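Undergrad: This is the structure I want to talk about, given as structure tokens.
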Amino acid sequence: FLCQGQFPLTQNVTVVEGGTANLTCRVDQNDNTSLQWSNPAQQTLYFDDKKALRDNRIELVRASWHELSISVSDVSLSDEGQYTCSLFTMPVKTSKAFLTVLGVPEKPQITGFTSPVMEGERMQLTCKTSGSKPAADIRWFKNDKEVKDVKYLKEEDANRKTFTVSSTLDFLADRSDDGAVVSCRVDHESLNSTPQIAMQVLEIHYTPLVKIISSNSWPEEGQSIILTCESKGKPVPEPVLWTKDGGELPDPERMVVNGRVLSISFLNKTDNGTYRCEAKNPIGRNSTEYVLIVHDVFNTLLPTTVIPSLTTATVTTTVALTTSTTTSATAISTRDPNALAGQTGPDHALIGGIVAVVVFVTLCSIILLGRYLARHKGTYLTNEAKGAEDAPDADTAIINAEGSQVNAEEKKEYFI
């Protein structure tokens, strides 16, 4: 209150434009002295309970020796000002009450958006509202996240009482903004904590984003693999195009394309290569590649080779080689399981080397055995022929033949 004691007591009043303002004047100690309300133009509104100004918006609320209360409905900005309550004593005592009228901002509007927007283009969205008093505050949000880096402009209206405020949001369009909701929020004390909001849904067009997903991370011969080409763009990309090493798919019977999916059955080494998936839309085109490497079938046990033995000599050699092969296999089987799991398949070079050595030794053994048998057989036949004339059996013939050979050598020495 502005006054105390035997003086009129009043309060300042704030009201929203179009609302109702209640003006009250009280006197604690009054000896039947009249009270009066007058407007900023010093026009009398009420003198005690008598209405002095013809204005249907002004009504009497209460009139007594201790209080004079009036109401002003449908308040306008022109009603703002200083109202006076007078107590007609000698001298006249007065009290002032200031009526503040809040200008309600108009519903905001967002301008500057043209749909659709190409990715990479600069966007300038402007939010504007008029009629606020005092000037309203504007805040920007993108998907409920406030954007701070904006421009703010305040201008006084023609009535020189209210304001028009605007704010500009400036950014580069990105594919992540597609479908985002941009909102402009107007805060003002006249809105009773219920802000006015304008919203705009962004539509961004962009080239396709392509990605290949494989169903098999370690493809082996004989297996199948499915390659899925995921493409995302706006507008939606057309059906994708699959190629291998820059050309068409070489085996349509095993390489089947169904929409965005490429299926390859019964993999073999000829399928190794670079597979490309290409997608396009009216904005542009994009592609990605997948390098396929078909691995050998993984075996945990090395194959064993059985070499037949022909003689006692070859048996001894074969046993030694078999023992060496078994030791190698045992050493491999006792390695770290993790290391074995990391191998791509059996070591064909090692197996081929072992087989070559075994074959070489076997051939050498057969050749030596053959030469021995040939010489033995020739000597037997020759000796048998020389002693067969007088010998009763083959053994006696051989002995006679050897004796004759010795005599012949002795005769040669004799003649010499």
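Undergrad: Filter the range 246-269 for residues that are under 13 Å from residue 292 (Cβ atoms) and hydrophobic (A, V, I, L, M, F, W, C); which is most open to solvent (accessible area, probe 1.4 Å)?
TA: Restricting to residues being under 13 Å from residue 292 (Cβ atoms) and hydrophobic (A, V, I, L, M, F, W, C), the top hit is 249.
Undergrad: List the residue pairs whose Cβ atoms are under 6 Å apart, where the first residue sits in the range 32-56 and is more than 17 Å from residue 71 (Cβ to Cβ), the second is in a loop (DSSP other than H, G, I, E, B) and open to solvent by less than 30 Å² (accessible area, probe 1.4 Å), and the two are 6 or more positions apart or on different chains.
TA: These pairs meet every condition: 33/89.
Undergrad: Inside the range 4-80, counting only strands (runs of 3 or more DSSP E) that do not spill past its ends, which hold 1 or more residues that are out of contact with any His (no Cβ under 8 Å at 6 or more places or on another chain) and under 19 Å from residue 93 (Cβ atoms)?
TA: Counting at least 1 such residues, we get 21-26, 35-38, 44-47, 58-63, 67-72.
Undergrad: Quick test of your reading of the structure: residue 283 fulfils all but one of (1) open to solvent by 60 Å² or more (accessible area, probe 1.4 Å); (2) farther than 21 Å from residue 175 by Cα; (3) touching a Phe, Trp or Tyr at 6+ places or on another chain (Cβ under 7 Å). Name the failing condition by number.
TA: All conditions are met except number (2).
Undergrad: Having 3 or more residues that are open to solvent by 50 Å² or more (accessible area, probe 1.4 Å) and over 24 Å from residue 75 (Cβ atoms) is the bar; report the strands (runs of 3 or more DSSP E) wholly within the range 115-190 that clear it.
TA: 122-132, 151-156
Undergrad: Residue under question is residue 67, and the condition is that it be surrounded by 12 or more Cβ atoms within 10 Å (Cβ to Cβ) and free of Cβ contacts under 8 Å to residues at least 24 places away in the same chain; does it hold?
TA: no
Residues are listed down the side, and each one gets a yes or a no for (1) in contact with a Gly (Cβ under 9 Å, 6 or more places away or on another chain); (2) farther than 23 Å from residue 161 by Cβ; (3) not hydrophobic (A, V, I, L, M, F, W, C):
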residue: 47; (1), (2), (3): no, yes, no
residue: 54; (1), (2), (3): no, yes, yes
residue: 63; (1), (2), (3): no, yes, no
residue: 72; (1), (2), (3): no, no, no
residue: 78; (1), (2), (3): no, no, yes
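Undergrad: Just a yes or no: is a residue in the range 215-236 in a loop (DSSP other than H, G, I, E, B), touching a helix residue (DSSP H, G or I) at 6+ places or on another chain (Cβ under 8 Å) and touching a residue at least 60 places away in the same chain (Cβ under 8 Å)?
TA: Scanning the range 215-236, I find at least one residue that is in a loop (DSSP other than H, G, I, E, B), touching a helix residue (DSSP H, G or I) at 6+ places or on another chain (Cβ under 8 Å) and touching a residue at least 60 places away in the same chain (Cβ under 8 Å), so the answer is yes.
The values are calculated or read from the model by the stated rules, or taken from the named source; none is laboratory data. Because the structure is predicted, anything quoted here is derived from the model rather than measured. Virtual Cβ from ideal backbone geometry, glycine too; neighbours counted across all protein chains shown. Side chains included, ligands, DNA and RNA excluded: accessible areas come from the protein's heavy atoms. Shrake-Rupley method; radii C 1.70, N 1.55, O 1.52, S 1.80 Å.
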